[in-house]
Amino acid sequence: MVKVNYDDLASEVITSDAKYPVWVGWSIIDKIGERVKTVCDTKVAYIVADEGVNSQARKVQISMESAGIPTYIFFVPSGEKHKNLDTVKHIYSWLADHKAERGHMIIAVGGGVIGDLAGFVAATYLRGMPFSQVPTTLLSMMDASIGGKVAVDMEQGKNLVGSFYQPKFVLSDVETLNTLPARELTSGWAEAIKHGLILDESLLNVFEEKHSAITSLDPEIATEIIRKSVAIKAGVVSKDEKETLGIRILLNYGHTVGHAIESTTGYSKFLHGEAVSIGMMAAALLSNSMGMMSDEEVRRQECVLKQYDLPTTSNAIESEKIIEAIKSDKKTIGGSVNWVLLSKIGKAVTNNEVPEAFLLEALSNLRR
Ligand SMILES: NC(=O)c1ccc[n+]([C@@H]2O[C@H](COP(=O)([O-])OP(=O)(O)OC[C@H]3O[C@@H](n4cnc5c(N)ncnc54)[C@H](O)[C@@H]3O)[C@@H](O)[C@H]2O)c1
């Protein structure tokens, strides 16, 4: 394998037992075959793809085969309801029928659902096969494809069965976002903006100043901002892979209330980024009540979220149910919520001493 430095390298994730590139570029999906060869010596590849991204999956297959690597595709119907052990079993059988070997690569082509599902299969089939990610939603480029969290859902809860399993590389072709439904794209900006809010005010400035070029997916400007935002997530994961050092948790800004909103509305009313957007407003109001963010900073956050058409309030907020959901969240330990707040824009901190009265007040302000 020859190591090549590509211009579109957004970051390199470095963990205790893995080191991998995250490439973010425009129109790079058909370069995957040559790039695979720089990171892994696979003889055969198996694409697990969302059936909604058929043409992208075919491009990956053609590129792999042009590089001399026979490649098969398993299409999964779109939607979270297929991220379960039944689908995993179908994929295991397909791999067994093709006599997949431990050195062969699994490639996920699709959004976070496919990345989590294919990653889970890769982590477990033959006790682990090399795995790579070709995310095709903004949310999965920004978030789900980086960091090695793979999982499937159970009836009792989302992402209940999973592992940490790092890919060999992540290749994000921003051009693929051109076919993504507008609401999915909008929702994805929430995670990108979050990276600016928690760790990099200068990134937030760019989101504010270049809003129309970014949302219209200008090849240069949108690619650059996605690359920068991805680098923040990759940097955090490299410092705290398994969320044990209090760094990776900062990525959960907006997620405590966001997850509760998603679960109390049956995962049907809001897309993830929309719920996180309202959750970030709750966290900003709590930061303000705790004497951290100023009124002006809270307004600034609200303005940028609105600029990207993200919701900042909702009439679906039911305070009692949300508090109940927060208490039963898997991240709440011994009844204590470790909140991610902002001491100022660009600086996130954790705090487990937020009074419930502040939360009730914030939720009532957001119920509109
Ligand atoms: N592993 C992690 O760290 C992590 C982080 C965040 C979220 N997640 C998981 O990610 C999942 C959500 O991911 P998502 O928001 O990407 O949803 P998704 O994978 O369901 O994709 C959303 C929709 O977009 C369609 N689609 C995908 N790419 C497209 C394209 N380029 N053009 C047209 N349509 C396209 C899909 O068919 C689907 O209907 C959840 O299961 C969540 O648990 C994982």
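Just so it is clear, none of the values below were taken in a lab; they were calculated from the coordinates. Predicted, not measured: the structure shown is a model, and the values here were computed from it. Neighbour counts are summed over all protein chains in view; Cβ atoms, including those assigned to glycine, are modelled from backbone coordinates with ideal geometry.
Treating only the Cβ of Lys, Arg, Asp and Glu as charged (+1, +1, -1, -1), what charge dipole size does the chain show about its Cα centre? Round to the nearest 20 debye.
Details: 38 positive and 46 negative charges, 160 e Å.
That gives the chain a dipole magnitude of about 760 debye.
How high is the FRET efficiency from H98 to D329, r the C-beta distance, R0 35 Å, rounded to 0.05? Computed FRET efficiency for H98 and D329: 0.35.
Calculate, in nm to one decimal, what S78 and E184 gain on full extension: separation in residues at 0.36 nm each, minus their alpha carbon distance. Can you show the working numbers first?
Numbers: separation 106, 0.36 × 106 = 38.16 nm, distance 1.34 nm.
That works out to 36.8 nm of additional length.
Compute, for the range 182-366, the length of the dipole vector about the Cα centre, with Cβ point charges of +1 (Lys, Arg) and -1 (Asp, Glu) only. Units Debye, rounded to 20.
Numbers: 19 positive and 26 negative charges, 78 e Å.
It comes to approximately 380 debye.
Once the piece of chain linking R58 and N351 is laid out straight, how much longer is it, given 0.36 nm per residue of separation minus the C-alpha distance between them? Result for the pair: 100.8 nm of gain on full extension.
Compute the length gained on full extension between E361 and M154: take 0.36 nm times their separation in residues and subtract their Cα-Cα distance, giving the result in nm to one decimal. Can you show the working numbers first?
Values: separation 207, 0.36 × 207 = 74.52 nm, distance 3.35 nm.
Gain on stretching E361 to M154: 71.2 nm.
Packing-based ranking of 37-46, 288-297 yields 37-46, 288-297, ordered from highest to lowest mean Cβ neighbour count within 10 Å.
Evaluate E = 1/(1 + (r/R0)^6) for R299 and S16, where r is the Cβ-Cβ distance and R0 equals 45 Å; express this FRET efficiency to the nearest 0.05. About 0.60, to the nearest 0.05.
For the chain, list log₁₀ I(q)/I(0) at each q in 0.09, 0.10, 0.13 Å⁻¹, using the Debye formula over Cα point scatterers of equal strength and ignoring solvent, two decimals each. Log10 I(q)/I(0), no solvent term: -0.48, -0.60, -1.01.
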